[in-house]
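See structure below.
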Amino acid sequence: MKDVFKQLSELNGGKVLDAATGRGEFIQIIKQSFRSYTQIIGIDVSEKAVAHAEKLFPENNIEIFKMDLEDIQYEDGYFDTVTISNSLHHLGDVNKVLGELLRVLKPGGLLLVTEMYRDGKQSEAQSTHINMHHWISKIDRISNIPHNETFKKDEIIGFVNKLPLKNVSIEDFYYPTDNPKEVKSCESLIRNCTDTIKRLETMDNTSSLVTEGKQLINRINEIGCASASRLLILAHKQ
Ligand SMILES: C[S@@+](CC[C@H](N)C(=O)[O-])C[C@H]1O[C@@H](n2cnc3c(N)ncnc32)[C@H](O)[C@@H]1O
């Protein structure tokens with residue numbers, strides 16, 4: 001399969017904002033893939049994620065801040081590039097956040113969105129990945145952490161199409177898996193499920209989520225897991 005992130009090697013990112021940076025996973029991709037950048041700012045609302053990401057990037061030109069994407073503390077047009085990866089379905093108000101991302105992007109600047117989706121023709125092993133996301137999202141929601149089910153492909157495109165963008169390119173891709181029952185990755189997913197079930201068992205009214213978690217473990221053992229299909233969207237602000 002063609003590595004879609006390879007096309008990023010053409011990019012000179014300038015001042016880059018990685019929105020909802022989490023544990024800095026996409027900052028690693030920017031570092032590996034972009035031709036150049038002058039600065040990367042990662043922002044996330046979670047203190048825990050920020051503390052984790054801060055330790056990963058000792059470089060002077062990479063900084064991580066705790067900040068709400070619904071109210072970004074940067075002036076209009078500050079960034080040359082804005083990225084948001086694996087995070088649209090984690091947002092309380094996707095349209096508001098995308099509006100803020102566009103506000104802080106300079107005219108002509110690059111917006112990069114990458115996001116998994118739940119519909120279309122996906123294998124049984126990919127459905128395991130999607131089901132797992134949806135189980136975790138229910139658990140986050142009962143803990144008052146915004147986390148929607150993953151979107152359909154057209155919903156993601158719909159969010160982007162509402163924005164004042166030009167030169168929009170959309171790549172639809174997935175990472176093929178030779179063996180969805182590969183022991184190491186299945187074991188790690190099962191460990192995650194088991195730890196989450198233990199946490200659920202200490203909470204009230206979670207018996208249906210515990211049952212769902214056990215069904216997921218059976219599914220991972222029987223079918224395995226593979227990454228869901230995803231979109232990579234690149235576009236420039238008008
Ligand atoms: C799946 S994680 C990020 C993953 C990472 N960007 C990657 O590429 O794998 C989603 C992140 O969105 C963050 N988030 C959700 N709502 C947010 C908001 N309003 N402002 C900032 N971060 C937010 C969460 O705290 C979480 O760390």
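Just so it is clear, none of the values below were taken in a lab; they were calculated from the coordinates. What you see is a predicted model, and the numbers here were worked out from it, not measured in a lab. So basically every Cβ, Gly included, is an ideal-geometry build from the backbone, and we count neighbours across all protein chains shown.
General remarks:
- Magnitude of the charge dipole for the chain, about its Cα centre and with charges confined to Cβ atoms of Lys, Arg (+1) and Asp, Glu (-1), is about 360 debye.
- Formal net charge of residues neighbouring residue 107 (Cβ-Cβ distance under 15 Å; K, R +1; D, E -1): +2
- Computed over the chain, the per-residue total of -39500 (n - 2.57) for DSSP H runs of n ≥ 4 gives a 222 nm mean residue ellipticity of -12500 deg cm²/dmol, rounded to 500.
- DSSP-defined beta bridges in the chain - what % are antiparallel, rounded to 5: 40 percent
- Between the beta carbons of residue 31 and residue 208, assuming R0 = 45 Å, the FRET efficiency works out to 0.60 to the nearest 0.05.
- Residues of type lysines that residue 181 reaches as a straight line, Cα spacing below 28 Å, ignoring anything fewer than 8 places off in the same chain: 2, 6, 121, 138, 152, 153, 198, 214
- Rg [Å, one decimal], Dmax [Å, integer] - the range 70-132, C-alpha atoms: 15.0, 45
- Convex hull volume of the C-alpha atoms in the range 108-160, normalised per residue: 97 Å³.
- Helix 183-200 and the longest principal axis of the C-alpha atoms of the chain enclose an angle of approximately 80°.
- Cross-link pairs 162/237; 15/237; 66/96; 15/162; 55/96 - those with Cα-Cα distance over 20 Å: 15/162; 55/96
- Think of the chain as a dipole: +1 on every Lys or Arg Cβ, -1 on every Asp or Glu Cβ, centred on the Cα centre; then among 226, 238, 131, 226 lies furthest on the positive end.
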